[in-house]
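Read the structure below first, then the notes.
Rule-based calculations on the coordinates, nothing more; no lab input. Note that this is a predicted model, so its numbers are computed, not measured. A quick note on method: Cβ atoms are made from the backbone with ideal geometry, for glycine too, and the neighbour counts reach across all protein chains shown.
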Amino acid sequence: MKKGKKLYEGKAKIIYATTDKDLVIQYFKDDATAFNNQKKTTIEGKGVLNNRISEYILSNLSQIGIKNHLVKRLNMREQVIKLVEIIPIEFIVRNVATGSLTKRLGIEDGTILKEPLIEYCLKDDSLGDPLISEEHIYAFEWANKKEIEKVKKTILRINDFMIGMFRGIGIKLIDFKLEFGRLKTNGKNEVILADEISPDTCRLWDSVTDKKLDKDRFRKDLGDLIPAYTEVAKRLGILHEQSNVSAVNVTKLSSVKKKSK
Ligand code: UDP
């Protein structure tokens with residue numbers, strides 16, 4: 001299987017064709033964007049960490065029977081994934097109220113939700129990914145009822161698994177975003193988990209100190225994003241080296257680990 005031409009470039013990732021029509025390569029960039037692209041920068045080493053963290057979470061989800069697009073990680077920044085037709089909806093899952101939810105509804109930041117809350121946003125940058133209801137999804141045929149029922153069940157399983165996984169390493173899973181896609185097999189469509197799960201797409205707070213270990217460090221200008229993502233990777237057991245690894249060291253560590261595999 002060989003890497004082909006660029007098919008799509010998003011804010012944090014690039015998708016390349018391969019010689020296998022069912023597989024594509026997902027490349028993790030170092031670019032960080034927030035507030036619908038109004039705030040942008042490059043953070044050296046971010047793509048390497050997200051590639052590793054997302055690989056770890058998605059392979060663990062596979063092991064508990066949650067089908068997803070990951071085939072294998074190729075190198076520091078790339079993974080082979082199954083080509084799916086992305087459902088144009090961002091599925092937001094919340095355990096604790098923060099971010100846009102608190103602003104929109106005047107809910108106190110940090111309020112623990114009795115049940116996980118699923119919200120739907122239309123994936124459309126030009127509209128600023130607006131919040132939509134389940135009825136909008138059916139009215140405009142972005143997905144059908146059967147697909148959404150399956151997605152909702154899968155989301156709750158993913159949330160349960162991830163809450164436990166992060167709790168075990170002293171991290172609270174506050175909220176996160178998921179994307180799903182349609183995989184065509186033998187002429188039939190199956191909805192599977194796609195995209196990435198990383199500190200770019202989750203809010204992760206230290207269980208004891210509530211320190212933010214996610215992209216809010218960039219959104220809120222808190223600094224030290226790479227040490228925070230490195231801390232998540234280290235606690236997950238992906239990186240074993242000392243704390244406060246610099247971006248350059250992260251790059252080196254990843255190549256060392258790859259060679260030793
Ligand atoms: N999120 C994401 N991509 C988006 C929007 C949200 O990964 O385009 C994630 C975000 O990192 C957070 C969760 O979804 O973990 C809920 O985001 P919220 O709507 O509060 O986002 P905000 O508007 O505060 O960035």
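What length, rounded to one decimal in nm, is gained on full extension from GLU190 through to SER100, with 0.36 nm per residue of separation minus their alpha-carbon distance?
29.3 nm
Within straight cross-link reach of LYS150, meaning Cα distance under 14 Å, which aspartates and glutamates are found once same-chain residues fewer than 8 apart are removed?
Here the aspartates and glutamates satisfying the reach criterion relative to LYS150 are GLU134, GLU179, GLU190.
log10 I(q)/I(0), Debye, Cα-only the chain, no solvent, q = 0.14 Å⁻¹?
Scattering profile of the chain, log10 relative to I(0): -1.02.
Charges at C-beta only: +1 for Lys and Arg, -1 for Asp and Glu. How large is the resulting dipole of segment 75-164 about its Cα centre, in Debye rounded to 20?
Computed charge dipole of segment 75-164: roughly 320 debye.
Ordered by residue, what ³J(HN,Hα) values in Hz, to whole numbers, does segment 85-100 give under the Karplus form 6.51 cos²θ - 1.76 cosθ + 1.60, where θ = phi - 60° and Gly and Pro are x?
So the Karplus estimates, Gly and Pro as x, are 8, 5, 6, x, 10, 9, 9, 9, 10, 10, 10, 10, 6, 7, x, 4 Hz.
What ³J(HN,Hα) values, in whole Hz, does the Karplus curve 6.51 cos²θ - 1.76 cosθ + 1.60 give for segment 24-35 when θ = phi - 60°, with x put for Gly and Pro?
Here the 3J(HN,Hα) series is 10, 10, 9, 9, 8, 7, 8, 6, 10, 10, 8, 6 Hz.
Can you tell me the length gained on complete extension of the stretch THR209 to LYS21, counting 0.36 nm per residue apart and subtracting the Cα distance?
Contour length minus Cα-Cα distance gives 63.0 nm.
Can you list residues from other chains, or at least 5 along the same chain, whose modelled amide H is less than 5 Å from the amide H of ASP175?
It is ASN95, ARG203, by chain and number.
Can you list residues whose amide H is under 5 Å from ASP214's amide H, if they're 5+ apart or on another chain and H is modeled 1.01 Å from N?
LEU204
Against the globular-protein guess of 2.2 N^0.38 Å, express the Cα radius of gyration of segment 139-249 as a ratio, rounded to two decimals.
Relative to the 2.2 N^0.38 Å estimate, segment 139-249 comes out at 1.30.
Which pairs, out of LYS46/LYS220; LYS11/LYS146; LYS82/LYS212; LYS152/LYS234, put more than 20 Å between their alpha-carbon atoms?
Over 20 Å Cα-Cα: LYS11/LYS146; LYS82/LYS212; LYS152/LYS234.
Are there any chymotrypsin sites (Phe, Trp or Tyr not before Pro) in segment 1-96 that are in a DSSP loop and have at most 16 other Cβ atoms within 10 Å? List them by number.
The qualifying sites are PHE35.
Just to check I understand the Karplus step: with θ = phi - 60° and J = 6.51 cos²θ - 1.76 cosθ + 1.60, what whole-Hz values come out for segment 183-195, glycine and proline as x?
Running phi through 6.51 cos²θ - 1.76 cosθ + 1.60 with θ = phi - 60° gives 9, 8, 10, 6, x, 9, 9, 10, 8, 10, 5, 9, 6 Hz.
Using every alpha carbon pair in segment 1-85, what percent of pairs falls into each 5 Å bin from 0 up to the bin containing the largest distance?
Answer for segment 1-85: a P(r) of 3, 15, 23, 22, 19, 13, 5, 1 percent.
VAL71's amide H: which non-local residues (gap 5+, or another chain) put their own amide H closer than 5 Å, with H modeled 1.01 Å from N in plane and none for Pro or chain starts?
Under 5 Å from the amide H of VAL71: VAL80, ILE81, LYS82.
As an exercise, take the mean of 1/r over every pair of distinct alpha carbons in segment 62-108, invert it, and state the Kirkwood radius in angstroms.
Radius from the Kirkwood sum: 14.3 Å.
Placing +1 on the Cβ of each Lys and Arg and -1 on the Cβ of each Asp and Glu in segment 148-222, which of THR154, CYS202, GLY164 has its Cα farthest towards the positive end of the resulting dipole?
THR154
Place +1 on the Cβ of every Lys and Arg and -1 on the Cβ of every Asp and Glu in the chain, take the dipole about the Cα centre, and give the residue among LEU239, GLY106, ALA228 whose Cα lies farthest towards its positive end.
Toward the positive end, the furthest listed residue is LEU239.
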